[in-house]
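The values are calculated or read from the model by the stated rules, or taken from the named source; none is laboratory data. Predicted model only: the values in this text are computed from it and were never measured. Counting neighbours? That spans all protein chains shown, and the Cβs are built from the backbone with ideal geometry, glycine included. Side chains included, ligands, DNA and RNA excluded: accessible areas come from the protein's heavy atoms. Shrake-Rupley method; radii C 1.70, N 1.55, O 1.52, S 1.80 Å.
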Amino acid sequence: MPRGPGPTARLDGDGRAASEWTDNMSIRVIVADDQEIVRTGLTILLDAQPDIAVVGVADDGNKAVELALALRPDVCLFDIRMPGIDGIEATRRLAGPTVDRPLAVVVITTFDHDDYVVSALKAGARGFLLKDAGPELLAQAIRAAASGDALIAPRVTARLLSSFVASRPQLPRAQPGEALTAREEEVLLIVARGRTNAEIADELHISLSTVKAHVASLMTKLGARNRVEIAIWAYETGRVRD
């Protein structure tokens, strides 16, 4: 959830930081990319949104992790290819399975490579976008990550998740201790298509709060930490196929 006002910091170039206060209703985001023109463009696009504020930027992975731990933003937006440590390792350090207080990370890249996606999801990323996604989808991904949802670029969702499953050892997937309800099965399949809670509510003609309750129940029953892991489970159990 969005936090109160906080400083805008920059760790680029010589690593010096500057601060200013931001609106307390904004989703606080840090942006990390090694190209200044990309950092500037993403910052402009996000700051143009009424409910999003970029509070820090970094030009390499080490600085991104340092900045994220210092500011605890609502969402981290990381490029994959960066000097120092790359965006995947930065994601792992902030959102990986061993992290006690994981941050929400959205990975954004120019390259539509399966191995990048597999690595990002394993590292704990809550979203995956291509840099040609456009400002609307970018803002949706940030909002989804801040609210606990996951958003993966729709045109590659099915292929990326199936690639993730194919990369894992082919072991029988444990079935939930408590059977899924018929409605939970419906929600499961839509989550696996990369839809947000609002989109699920529209498709099933149910309230947003009901969707959230179903997603929370799925996480509990499946032992999933997030929506991406719910989707992975759906693929691994054969409920969704290419």
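Selection of first residues in segment 181-192 that are assigned to a helix (DSSP H, G or I) and of second residues that are exposed (fewer than 15 other Cβ atoms within 10 Å of the Cβ), restricted to Cβ pairs under 8 Å at least 6 apart or on distinct chains, gives the following pairs, ordered by first then second residue: Glu185/Arg239; Leu188/Arg239; Leu189/Arg239; Ile190/Glu203; Ala192/Arg239.
If you go through segment 193-213 and keep only what is open to solvent by less than 40 Å² (accessible area, probe 1.4 Å) and in a helix (DSSP H, G or I), you end up with Asn197, Ile200, Ala201, Leu204, Val211. Only residues that are farther than 15 Å from Val31 by Cβ, among the charged types (D, E, K, R) and open to solvent by less than 70 Å² (accessible area, probe 1.4 Å) were counted in segment 86-138, giving 5. Just need a number here: residues in segment 221-237 that are open to solvent by 30 Å² or more (accessible area, probe 1.4 Å) and either over 15 Å from the mean Cα position of the chain (by Cα) or more than 21 Å from Ala95 (Cβ to Cβ) (or both). The number of residues fulfilling the criteria is 4. Filtering segment 49-66 to residues that are within 24 Å of Arg225 (Cβ to Cβ) and open to solvent by 10 Å² or more (accessible area, probe 1.4 Å) leaves only Val65.
Taking every residue in segment 222-242 that is without any contact (Cβ under 8 Å) to a residue 12 or more places away in the chain and part of a loop (DSSP other than H, G, I, E, B) and pairing it with any residue that is buried (at least 20 other Cβ atoms within 10 Å of the Cβ) and of a type in the set (A, V, I, L, M, F, W, C), at least 6 positions away or on another chain, the pairs with Cβ-Cβ distances below 6 Å are Ala224/Ile230.
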